[in-house]
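See structure below.
What follows draws every value from the coordinates through simple rules; no lab data is involved. No experiment lies behind these values; they were computed from the predicted model shown. With ideal geometry, Cβ positions are generated from the backbone for all residues, glycine too; neighbour counts draw on all protein chains shown.
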Amino acid sequence: MKIFYSKNHYKHHPDFEIFEGGIKLPVFDSPSRVDSIISALKNTQWAEILMPENLDLKPILEVHDVNYVTYMQSAFNEWMQQGGELGLNYQSSVLIPASFPPRRSHKIPKSLFGRAGYYTIGTNAPIVAGTYQAAIESAHCAVSAARAVSDGERAAFALCRPPGHHAGKDYCGGYCFFNNAAIAARWLSSEYKTAILDIDYHAGNGTQDIFYDSPDVLTISIHADPINHFPSFMGYADETGEKAGKGYHRNFPLPAGTNDTDYLNALAEALLIIQAFAPSVLVVSVGMDLHKDDPISDFQITTNGIREIGYYIAALRLPVVLCMEGGYDTHTLGKNIVTLLSAFV
Ligand code: OKP
Ligand code: ZN
């Protein structure tokens, strides 16, 4: 199986993020997550590890607002120009906004932190010097995997970091900057009927938002009930799309303690909806934070459950583009990814 990954993900390495209560914690989305996955993949007979194509901004601008992309490109350097006066250091500085727009406000202020607040949904998307480059190449991994599948591969894996499914057309949040899976799906959808299935533990609010009024791409997310978990404001069962997109989005919020059987029941229902839509290609947002050992999650899913999830999805017999999202237990992450991907080998 073709695996696309860029070493430049290392350039996105903020030292901390800010949790509820103002608690400053080391980032969960650490570069070592990718090390865990790469070393497990290297121990298989089937992983062919490749660099992403350089596709510049074109496929990204099919999903993201140009002013948001420009903001992402210049934000850190602008912060250094301002922060430099405060004696901050280029290597250790982090851009995190502290003011967010009131609902329905569409004024985009000129100031850096006005824009930062406008383009960010929370404190969990810290921007450092290498974030933009890492995020661009992460999106290129997704499009490269989409192209491999379009060229006839049964499945391809985009080892995206930073992840993408919380990023909307014009916002970052929840460790995500560009929505890799949405970019891959948009790229595919010009030629193929495309569906997205998001199995990350967190609701894929960005993906939901991007395709919410569109019937072209069916989007389904199975996740922890947002009543208790990030992203809090989206991911509820009654959100099913709007306008022409009505009926083309579905959420499956699941309770704390969800086990293999509970999860597979929800997945089976989701897969029936996908079959009824009859896509010719499937994009999967793969978050391994649904595993029982994940440090920020409360599902009880085992590695065997993950193997079953792979079999269930593979049984659709559709070409599949898998994009990495979350998963923060570096001890089990590599093994779980290899277990999931094995279903498509
Ligand atoms: C990104 B992905 C918990 C705050 C956690 C950020 C979670 C981002 C998850 N109190 N906030 O979907 O794995
Ligand atoms: Zn997640």
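Summarising the label geometry, the points placed 7 Å from Cα in the beta-carbon direction at ASN54 and ASP170 lie 3.0 nm from one another. Against the main long axis of the alpha-carbon atoms of the chain, helix 66-83 sits at an angle near 40°.
Spin-label model, ALA98/GLN133: points 7 Å from Cα along the beta carbon direction are separated by 3.0 nm.
Can you tell me how the stretch 157-236 classifies by the Cα gyration tensor, rounded, prolate or oblate, using a/c under 1.5 as the rounded cut? Provide the component values of the computation, followed by the final result.
Details: a/c = 1.75, a/b = 1.40, b/c = 1.25.
Verdict is prolate for the stretch 157-236.
Seen against the Cα atoms of the chain and their longest principal axis, helix 131-150 is set at about 20 degrees.
Over the stretch 230-316, Cα pairs under 8 Å with separation of 6+ residues give a relative contact order of 26 percent.
Place a point 7 Å from the Cα of LEU316 along the Cα-to-Cβ direction; which residues of the stretch 1-37 have their backbone N under 19 Å from it? Of the residues in the stretch 1-37, 2 have backbone N under 19 Å from the label point off LEU316. Working note: Cα gyration tensor of the stretch 1-132, eigenvalues times five, square-rooted, sorted largest first, giving semi-axes of 30, 19, 15 Å.
The alpha-carbon of LYS42 sits under 23 angstrom from the alpha-carbons of these lysines, leaving out residues fewer than 8 places away in its chain: LYS2, LYS7, LYS11, LYS335. Taking chymotrypsin sites (Phe, Trp or Tyr not before Pro) across the stretch 263-345, none is in a DSSP loop with at most 13 further Cβ atoms lying within 10 angstrom of its Cβ.
Roughly speaking, what % of Cα-Cα pairs in the chain are separated by over 28 Å, rounded to a whole number? Pairs farther apart than 28 Å: 36 percent.
Between the beta carbons of GLU153 and ALA256, assuming R0 = 51 Å, the FRET efficiency works out to 0.85 to the nearest 0.05. Within the stretch 172-330, antiparallel bridges make up roughly 5 percent of the DSSP beta bridges whose residues both belong there. Simple point charges give the picture: +1 on the Cβ of Lys and Arg, -1 on the Cβ of Asp and Glu, and for the chain a dipole about the Cα centre of about 540 debye.
Could you tell me the calculated FRET efficiency between LYS243 and ILE23, based on Cβ-Cβ distance and R0 = 45 angstrom, to the nearest 0.05? With R0 = 45 Å, the Cβ-Cβ based efficiency is 0.65.
Of all the stretches in the chain, which is the longest one without any exposed loop site, taking trypsin sites (Lys or Arg not before Pro) in a DSSP loop (any state but H, G, I, E, B) with at most 10 other Cβ atoms within 10 Å? It would help to have the intermediate numbers written out before the result.
Working: sites that count: ARG103, ARG104, LYS107, LYS110, ARG317.
The answer is 111-316.
Taking every DSSP beta bridge that has both ends in the chain, the antiparallel portion is near 15%. With a cut-off of 8 Å between alpha carbons and a minimum separation of six or more residues, what is the relative contact order of the chain in percent? So the answer I get is 19 percent.
Mean residue ellipticity, 222 nm, helices only, the chain: the sum of -39500 (n - 2.57) across DSSP H runs of n ≥ 4, divided by residue count and rounded to 500, is -10500 deg cm²/dmol.
Please work out, to two decimal places, the log10 of the ratio I(q)/I(0) at q = 0.11 Å⁻¹ from a Debye calculation in which every Cα of the stretch 212-345 carries one identical scatterer. These q points yield log10 I(q)/I(0) values of -0.39.
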